[in-house]
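Comments concern the structure below.
The values are calculated or read from the model by the stated rules, or taken from the named source; none is laboratory data. Quick caveat: nothing in here was measured; it's all calculated off a predicted structure. No Cβ is skipped: glycine too gets one built from the backbone with ideal geometry, and neighbour counts run over all protein chains shown.
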Amino acid sequence: MLTILFWVFSVLMLASAAAVVLFRNPVNSAMSLVLTFLALAALFVTLDAFFIGVIQVLVYAGAVMVLFLFIIMLLDLKAETRRRLNIAALAGGIAVLGGFVVLITHVVKSLPASADHFPTLARTGYSDAYDIGMTLFSDFNLPFQIIGVLLLVSTIGVVFLSRRSLR
Amino acid sequence: MPTLGDYLLVSGLLFSIGLAGVLLRRNLLIIFMSLELMLNAANLSLVAFARHGVTAFGLPDYNAQVLVFFIITVAAAEVAVGLAIIVALYRLRQTTHVEDLNRMKF
């Protein structure tokens with residue numbers, strides 16, 4: 001059962017991720033990106049990371065994608081017109097990409113733990129929000145506060161950048 | 001049962017698709033979406049390693065999941081700032097096509 005779910009959601013995620021890159025209309029790309037994030041959240045759940053899966057749906061498929069769609073519709077972007085292709089750049093990009101795929105496949109295959117099945121957990125089917133909260137507020141309390149400052153700074157930065165006249 | 005290698009391979013392919021978008025597309029917003037794909041690929045491999053490296057209590061390694069939580073937070077902040085920059089750029093130049101933005105090109 002888990003195997004079937006893993007392959008279904010993996011193929012769904014990779015296909016919709018490819019659609020993000022291939023669609024010419026930005027709105028279609030954004031909708032494919034929502035599907036990618038939802039399939040990725042399902043993959044997190046197959047890895048027993050329930051809290052991360054929920055956060056993925058709320059933050060990425062919810063907040064971030066609303067922001068993307070809002071900006072696409074604010075700027076009123078149409079489908080890209082076809083332009084003369086830069087053959088050298090295209091060939092270079094595909095060469096880099098092919099090399100990267102070969103490299104990453106080789107690295108994953110040569111990893112000693114690659115063929116390992118996941119060990120069984122002591123407890124299954126429980127909420128892991130409690131354990132993540134304990135880790136977050138004890139071992140990672142200072143980074144958590146720094147992230148809060150980062151969010152404040154980025155909010156101020158966005159307000160500054162959105163002013164009518166930039167000085 | 002899917003192995004650790006399966007998850008890492010899927011994560012690597014997702015990263016490659018994101019890299020393809022950054023290298024081959026010419027629309028700033030699509031490039032930005034591809035960056036998000038690459039960040040999510042990193043998250044997937046982190047969660048897979050968290051499930052693989054079970055602690056002495058028989059639970060997943062929550063340190064990795066906290067790192068994923070931080071990555072999601074930073075990515076959300078990055079999206080907000082990046083889109084504000086794109087809007088400011090669009091106001092100035094009325095384009096999001098990278099080939100039209102060549103003032104700093106050598």
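Among the candidates A:VAL159, A:VAL108, which residue alone is exposed (fewer than 12 other Cβ atoms within 10 Å of the Cβ) and modelled with pLDDT of 90 or more?
A:VAL159 is the lone residue from the list that is exposed (fewer than 12 other Cβ atoms within 10 Å of the Cβ) and modelled with pLDDT of 90 or more.
Is there any pair with a first residue in the range A:132-145 that is in contact (Cβ under 8 Å) with a residue 40 or more places away in the chain and surrounded by 15 or more Cβ atoms within 10 Å (Cβ to Cβ) and a second that is among the aromatic types (Phe, Trp, Tyr) and part of a helix (DSSP H, G or I) whose Cβ atoms are under 6 Å apart and which are 6 or more apart or on different chains, and what are they?
What qualifies is A:ILE132/A:PHE51; A:ILE132/B:TYR62.
If you check B:VAL66 against the conditions, is it touching a residue at least 24 places away in the same chain (Cβ under 8 Å) and closer than 29 Å to A:ILE147 by Cβ?
For B:VAL66, the condition - touching a residue at least 24 places away in the same chain (Cβ under 8 Å) and closer than 29 Å to A:ILE147 by Cβ - is not met.
Quick test of your reading of the structure: A:THR36 fulfils all but one of (1) surrounded by fewer than 19 Cβ atoms within 10 Å (Cβ to Cβ); (2) hydroxyl-bearing (Ser, Thr, Tyr); (3) under 16 Å from B:LEU35 (Cα atoms). Name the failing condition by number.
Looking at each condition in turn, A:THR36 falls short on (1).
Could you list, in sequence order, all residues of the range A:47-56 that are more than 8 Å from chain B (Cβ to nearest Cβ) and more than 19 Å from B:VAL74 (Cα to Cα)?
A:PHE50
Before we move on, is B:THR96 exposed (fewer than 15 other Cβ atoms within 10 Å of the Cβ), more than 22 Å from B:VAL10 (Cα to Cα), in contact with a helix residue (DSSP H, G or I) (Cβ under 9 Å, 6 or more places away or on another chain) and of a type outside the set (A, V, I, L, M, F, W, C)?
no
All but one of (1) surrounded by fewer than 16 Cβ atoms within 10 Å (Cβ to Cβ); (2) in contact (Cβ under 8 Å) with a residue 12 or more places away in the chain hold for A:THR3; state the number of the condition that does not hold.
Every condition holds for A:THR3 apart from (2).
Being within 8 Å of another protein chain (Cβ to nearest Cβ) and in contact with a helix residue (DSSP H, G or I) (Cβ under 7 Å, 6 or more places away or on another chain) is the filter here; which residues of the range A:112-137 pass it?
Selection gives A:ALA113, A:SER114, A:ALA115, A:ASP116, A:PHE118, A:ASP128, A:ASP131, A:ILE132, A:THR135, A:LEU136.
Is it the case that the range B:84-106 has a residue that's of a type in the set (Asp, Glu) and within 29 Å of A:VAL149 (Cα to Cα)?
Checked the range B:84-106: no residue is of a type in the set (Asp, Glu) and within 29 Å of A:VAL149 (Cα to Cα).
Would you please name the residue that is modelled with the lowest pLDDT, looking only at residues in the range A:113-151 that are farther than 16 Å from A:ILE55 by Cα and of a type in the set (D, E, K, R)?
A:ARG123
Quick test for you: out of B:LEU37, B:LEU13, B:LEU23, pick the one residue that is facing chain A (nearest Cβ under 7 Å), part of a helix (DSSP H, G or I) and surrounded by 22 or more Cβ atoms within 10 Å (Cβ to Cβ).
Matching residue, one of B:LEU37, B:LEU13, B:LEU23: B:LEU37.
Out of A:ALA88, A:ALA61, I need the residue that is closer than 29 Å to B:ARG26 by Cα, out of contact with any His (no Cβ under 6 Å at 6 or more places or on another chain), loosely packed, with under 11 Cβ neighbours inside 10 Å and not charged (D, E, K, R). Which one?
After applying the criteria, what remains is A:ALA88.
When the residues of the range B:56-77 are filtered to those that are within 7 Å of chain A (Cβ to nearest Cβ) and in a loop (DSSP other than H, G, I, E, B), which remaining residue is surrounded by the fewest Cβ atoms within 10 Å (Cβ to Cβ)?
This residue is B:PHE57.
Select from the range A:1-35 the residues that are of a type outside the set (Phe, Trp, Tyr) and closer than 20 Å to B:PRO2 by Cα and list them in ascending order.
Result: A:MET1, A:LEU2, A:THR3, A:ILE4, A:LEU5, A:VAL8, A:SER10, A:VAL11, A:LEU12, A:MET13, A:LEU14, A:ALA15.
Filter the range A:70-111 down to the residues that are assigned by TED's automatic domain parsing to the domain that holds A:ALA18 and touching a helix residue (DSSP H, G or I) at 6+ places or on another chain (Cβ under 6 Å) and list them by number.
A:ILE71, A:ILE72, A:LEU75, A:LEU77
Out of curiosity, is B:ALA80 within 27 Å of A:LEU75 (Cβ to Cβ), more than 7 Å from every other protein chain (Cβ to nearest Cβ) and surrounded by 16 or more Cβ atoms within 10 Å (Cβ to Cβ)? Talk me through it step by step, then tell me what you get.
Working: within 27 Å of A:LEU75 (Cβ to Cβ): yes; more than 7 Å from every other protein chain (Cβ to nearest Cβ): no; surrounded by 16 or more Cβ atoms within 10 Å (Cβ to Cβ): yes.
It is false that B:ALA80 is within 27 Å of A:LEU75 (Cβ to Cβ), more than 7 Å from every other protein chain (Cβ to nearest Cβ) and surrounded by 16 or more Cβ atoms within 10 Å (Cβ to Cβ).
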